[in-house]
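Asker: Here it is: the structure, laid out below.
The values are calculated or read from the model by the stated rules, or taken from the named source; none is laboratory data. Source: prediction; values computed, not measured. All Cβ positions, glycine included, derive from the backbone under ideal geometry; neighbour counts span all protein chains shown.
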Amino acid sequence: MPSKSSLDRTVEAYARTIVSRNVLVWRYGLSPNTQNRLKKLKYRVNEKEYQSRYQDYPAVVVSCSNSISSCDSWSDYAHSCKKNTYVDRLKLALLKLGNLGKKSSNGCKNAIGHCAENHAANRVLKKHGSTGCKQLVFSKAIRPRTGEIIPYCDNCKTIFML
């Protein structure tokens with residue numbers, strides 16, 4: 001079983017990778033293949049709108065592992081979800097909070113299923129099907145833009161008993 005500190009080191013390395021990838025893109029430009037894959041980002045400067053093909057940082061990244069057996073840790077970031085994305089066990093737990101992509105009734109500001117914890121847990125559950133949601137271990141959640149540690153949201157605390 002990976003320790004909490006090794007998961008923290010994994011997510012820190014993952015966040016550094018995301019930042020360095022963006023710096024390289026910013027500094028050296030994009031290949032034509034990469035340009036086609038990235039969405040155009042719109043931003044405003046002095047009331048004038050510009051578009052950029054640079055990739056924005058994800059809001060939060062986190063690593064997850066199975067607490068029962070020794071397995072790999074998986075890192076992922078916060079993004080929107082599709083209804084068929086999640087493993088059935090995780091999808092049922094998310095649906096107890098409300099509809100995917102909507103705000104939950106417990107007062108959490110995050111949309112259900114959009115958190116990095118959900119996506120990282122889904123990757124572990126796909127790999128190790130016998131694991132339950134309560135048996136997962138998570139690293140600290142990091143915001144790659146600033147490097148600050150973000151507290152877990154109420155949705156994730158409810159689903160994963162964090």
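Asker: Only residues that are more than 12 Å from the chain's Cα centre (by Cα) and under 12 Å from CYS81 (Cα atoms): list them for region 93-129, please.
Answerer: Initially, region 93-129 is screened for residues more than 12 Å from the chain's Cα centre (by Cα), giving 93-112, 124-129.
Within region 93-129, LEU94, ASN99, LEU100, GLY101, LYS102, ALA111, ILE112 meet the criteria.
Asker: Same structure again: Within region 113-124, count every residue that is of a type outside the set (Gly, Ala, Ser) and surrounded by 23 or more Cβ atoms within 10 Å (Cβ to Cβ). Explain how you work it out, then say what you get.
Answerer: From region 113-124, those of a type outside the set (Gly, Ala, Ser) are 114-115, 117-119, 122-124; that's our starting set.
Next, only the ones that are surrounded by 23 or more Cβ atoms within 10 Å (Cβ to Cβ) stay: 115, 117-119, 124.
Adding up the residues that qualify gives 5.
Asker: Please give the strands (runs of 3 or more DSSP E) falling wholly within region 25-105 in which 3 or more residues are out of contact with any helix residue (DSSP H, G or I) (no Cβ under 8 Å at 6 or more places or on another chain), closer than 24 Å to LYS127 by Cα and modelled with pLDDT under 75.
Answerer: Numbers: elements: 41-45, 48-52, 61-66, 74-77.
Correct list: empty, since no element meets the threshold.
Asker: Can you tell me how many residues within region 136-157 are in a helix (DSSP H, G or I), surrounded by fewer than 17 Cβ atoms within 10 Å (Cβ to Cβ) and touching a residue at least 40 places away in the same chain (Cβ under 8 Å)?
Answerer: Of the residues in region 136-157, the ones in a helix (DSSP H, G or I) are 154-157.
With the extra rule that they be surrounded by fewer than 17 Cβ atoms within 10 Å (Cβ to Cβ), the set shrinks to 154, 157.
With the extra rule that they be touching a residue at least 40 places away in the same chain (Cβ under 8 Å), the set shrinks to 154.
So the count comes out to 1.
Asker: Separate question: Could we say that ALA120 is closer than 17 Å to SER6 by Cβ, in a helix (DSSP H, G or I) and either out of contact with any strand residue (DSSP E or B) (no Cβ under 6 Å at 6 or more places or on another chain) or among the aliphatic types (A, V, I, L, M) (or both) here?
Answerer: On the way: closer than 17 Å to SER6 by Cβ: yes; in a helix (DSSP H, G or I): yes; either out of contact with any strand residue (DSSP E or B) (no Cβ under 6 Å at 6 or more places or on another chain) or among the aliphatic types (A, V, I, L, M) (or both): yes.
Criteria met by ALA120.
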